[in-house]
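Here's the structure we're looking at; comments come further down.
The values are calculated or read from the model by the stated rules, or taken from the named source; none is laboratory data. Here the structure is a predicted model, which is why all the values come from computation and not from measurement. Cβ placement follows ideal geometry from the backbone for every residue including glycine, while neighbour counts extend to all protein chains displayed. When the accessible area is computed, the model is the full protein with side chains, heavy atoms only, and any ligands, DNA or RNA have been set aside. Shrake-Rupley method; radii C 1.70, N 1.55, O 1.52, S 1.80 Å.
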Amino acid sequence: MLKALPESRRLDTATRELDPPFAVADLAAFHRNAADLVRRAAGRPVRVATKSVRCRELLRRTLKTPGFAGLMCYSLAEALWLHGDGLSEDVLVAYPTADRAALRELAARPAAAAAITIMVDSVEHLDLVDATAGTRRPDIRVCLDVDASWRPLPALHVGTRRSPVHTAEDARRLAEAIVRRAGFRLAGLMAYEGQIAGVGDAPPGNPLRGAGVRWMRRRSAAELAGRRAEIVTAIRELAELEFVNGGGTGSIETTTAESAVTEVAAGSGLVGPTLFDAYRSFRPEPALLFALPVVHRPGGRVATVFGGGYIASGPVGADRAPTPYLPAGLKLTAVEGAGEVQTPVAGPAARRLRLGDRVWFRHAKAGELAERFNEYHLVEGDRVADSVPTYRGEGRSFG
């Protein structure tokens, strides 16, 4: 049996004909991550969050994995594109839309209207659809967006700020307006608990914060379970919901513990970005990496690579910067960080780097790397099996 190559050497060997900067998807890690998401979901279908992937080929591969069902898009225009490509007949748009051209296209394509569900959290959203797409159209499938944040005190809001619908009374009032209104069909309900799914409970080097996050997550999950059950019961008295969606990569276990939830959403867990290193109960493998070439040797324990300033969205902080991954033992410098056209890396391993050598990085978030590269090179073992376009490489940008 051939001995496995060290990780850095394997990636360098696989991509030896490529000139960095470039990005790769390690297919073995990607598929292991997909299988682990299915395992964690414990029998509930996993809806793929496309914003964490942004590559049609990787979305196709995910949907072929038993246990995954349907797409969760972040844009109606994206949903129409992916449905038109035949990727899925079950597409949920996770955010309300004000895209009038996309709404008109949805109304003009009966097959798309039957497959795509848009998000609403107010009567104003219904008014916008009617004003844009007219009333002589196929029924528009809608999903009620419920605020899943935790509010332990009137002035304290923990979680994402999404919807004005927070209580069972709020949800019932909006559901009544939807079912009374011609041209709409209430198909589902979504409540995304970002304060659980998106906040790591084991931040490196900060055990006190980790303990506080775990306490918050337990209390928030208990409160949400009761409230979500009440909301689902109230709405099912008015409409036969096809799905109740919840969770994300970071909250699959607590979400699937709720009998009211019929499916979970996940995407970042396929890729394994650095922000998902800070969880105790699971650890996705790094499946998406990018390589930058060494172009300066300023001396000592520092080498400088070309480019690299791919800062993730969210609150500004060191955890949003890309992280040197291979060779092991490198880190960003405090003064320069990840720069627009150059990024110094420091550490013992920097002494061994020479001009043209690759430094492999991980991004902080899953999908945003696709906005930087036109293609992902799919690595199998020590070879590139294929090169496939990202959304950017197909000339698509959805926000």
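Summary of values
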{"item": "Residue match in the stretch 328-342 (condition: hydroxyl-bearing (Ser, Thr, Tyr) and within 24 Å of Ala29 (Cβ to Cβ))", "result": "no"}
{"item": "Number of the exception - Tyr325 against (1) buried (at least 16 other Cβ atoms within 10 Å of the Cβ); (2) of a type in the set (Ser, Thr, Tyr); (3) within 30 Å of Ala102 (Cα to Cα)", "result": "(3)"}
{"item": "Subset tally (residues that are assigned to a loop (DSSP other than H, G, I, E, B) and either crowded, with 17+ Cβ neighbours inside 10 Å or small (Gly, Ala, Ser) (or both)) for the stretch 378-395", "result": "4"}
{"item": "Some residue of the stretch 35-48 being among the basic types (Lys, Arg), closer than 30 Å to Gly356 by Cβ, open to solvent by 20 Å² or more (accessible area, probe 1.4 Å) and within 21 Å of the chain's Cα centre (by Cα)", "result": "no"}
{"item": "Candidates Gly198, Gly188, Gly183, Gly159, filtered to the one that is in contact with a strand residue (DSSP E or B) (Cβ under 8 Å, 6 or more places away or on another chain) and modelled with pLDDT under 90", "result": "Gly159"}
{"item": "Residues (in a strand (DSSP E or B) and open to solvent by less than 10 Å² (accessible area, probe 1.4 Å)) located in the stretch 71-109", "result": "Leu71, Cys73, Val91, Leu92, Val93"}
{"item": "Selection count, the stretch 176-192, where residues are open to solvent by less than 60 Å² (accessible area, probe 1.4 Å) and touching a Ser or Thr at 6+ places or on another chain (Cβ under 8 Å)", "result": "3"}
{"item": "The stretch 280-303, residues that are open to solvent by 10 Å² or more (accessible area, probe 1.4 Å), free of Cβ contacts under 8 Å to residues at least 60 places away in the same chain and part of a strand (DSSP E or B)", "result": "His296, Arg297, Pro298, Gly299, Val302"}
{"item": "Selection within the stretch 304-330 - closer than 14 Å to Ala364 by Cα and not in a loop (DSSP other than H, G, I, E, B)", "result": "Ala318, Asp319, Arg320, Thr323, Pro324, Tyr325"}
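This table checks each residue for (1) in contact (Cβ under 8 Å) with a residue 12 or more places away in the chain; (2) crowded, with 17+ Cβ neighbours inside 10 Å; (3) touching a Lys or Arg at 6+ places or on another chain (Cβ under 8 Å).
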| position | (1), (2), (3) |
| --- | --- |
| Leu144 | yes, yes, no |
| Pro164 | yes, no, no |
| Leu174 | yes, yes, no |
| Leu208 | no, no, no |
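Per-residue answers, yes or no, for (1) surrounded by fewer than 19 Cβ atoms within 10 Å (Cβ to Cβ); (2) among the charged types (D, E, K, R):
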position: Gly194; (1), (2): yes, no
position: Pro203; (1), (2): yes, no
position: Arg219; (1), (2): yes, yes
position: Arg228; (1), (2): no, yes
position: Thr254; (1), (2): no, no
